[in-house]
Amino acid sequence: MGLALSSEEIQKNLGTEDSTQALTPVGPSPGQLVAPLSGHSAGLRRAEIKPGVREIHLCKDERGKTGLQLKNVDQGIFVQLVKANSPAALVGLRFGDQVLQIDGKNCAGWSSDKAQRALKKANPEKIVMVVRDRPFQRTVTVHKDSTGHVGIVVKKGKIVSLAKDSSAARNGLLTHHCICEVNGQNVIGMKDKQLMEVLAGAGNVVTLTIIPTVIYEHMVKRLSSGLVKSSMDHSIPDL
């Protein structure tokens, strides 16, 4: 089933309810600079969502598994789950990547089941996939304040509140968004306490990868929360 958004849902997703004050633009004062866009940050480079498409070569493990679960969203096929230490994790596939082709066949219009069958039938030694990096997601780089916070309140992985004049508010974070990555490390399925621990250890400049909650919930529909918590790849990507 496709993703149909009403105007009410779109306005909610854009953060116009309850967050207008938090998002009011303010000029930076000393010690409250807007986070710089710098290629020198390892977290920013790990989190980069590159334009264009790329080709990857995937194989299966000794059990004939790729560690990849796919989902149909709006006639496209997307990565719904990457299992830790799986072939899919080793080639750098991430939650939200769009799969355009599998072994030369276009995936547009495929159902989730058809995509999974294509993986199952594919040559275990080499599966050629054409992928676009996470088109529903975006990255926002923020600074921690003197207390080590960036100015967000998170519940079940979702940003529910922004502190006024915080780095989060100044740099464009929005409520009604889920955090997918911290400095490129997947945090989906983590408990909020675990997510906060990852944030605490992420350095003073942090790049968050976010996705609108309404899209996230559609992408993980029918996916067991227990499977996400126990199996999702949370490793730190190589540069």
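Since every read-out is calculated from the coordinates, none of them should be taken as a lab result. Not measured: the values here are computed from a predicted model. Cβ sites come from the backbone with ideal geometry, for glycine too, and all protein chains shown count toward neighbours.
The table that follows gives values for the structure above.
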| item | result |
| --- | --- |
| Under-5 Å amide H pairs with Val73, H placed in peptide plane, nonlocal only | Phe78 |
| Neighbourhood net charge (11 Å Cβ-Cβ; Lys/Arg +1, Asp/Glu -1) for Lys114 | +3 |
| Region 162-239: trypsin sites (Lys or Arg not before Pro) in DSSP coil with no more than 16 other Cβ atoms inside 10 Å | Lys164, Lys191, Lys221, Arg222 |
| Value of relative contact order over region 167-239, rounded to a whole percent, pairs C-alpha under 8 Å and six or more apart | 42 |
| Note, ³J(HN,Hα) from phi for region 134-148, Karplus 6.51, -1.76, 1.60, rounded to Hz, x at Gly and Pro | 4, x, 8, 10, 9, 10, 9, 9, 10, 9, 7, 8, 5, 9, x |
| Estimated distance in nm for a label pair at Lys50 and Val154, the labels positioned 7 Å out from Cα along Cα-to-Cβ | 2.6 |
| Derived scalar couplings ³J(HN,Hα) [region 41-49; Karplus, 6.51 cos²θ - 1.76 cosθ + 1.60; whole Hz; x for Gly, Pro] | 7, 5, x, 5, 5, 5, 8, 4, 9 |
| Zone residues, region 63-102, relative to Arg222, backbone N less than 18 Å from point 7 Å out along Cα-to-Cβ | 68-82, 96, 99 |
| Where labels lie 7 Å past Cα in the beta-carbon direction, separation of Asn204 and Arg117 in nm | 5.7 |
| Extension gain from Leu90 to Ala163, taking 0.36 nm per residue of separation minus the Cα-Cα distance | 22.5 nm |
| Whole-number percent relative contact order across region 119-238, with pairs defined as alpha carbons under 8 Å at least 6 apart | 28 |
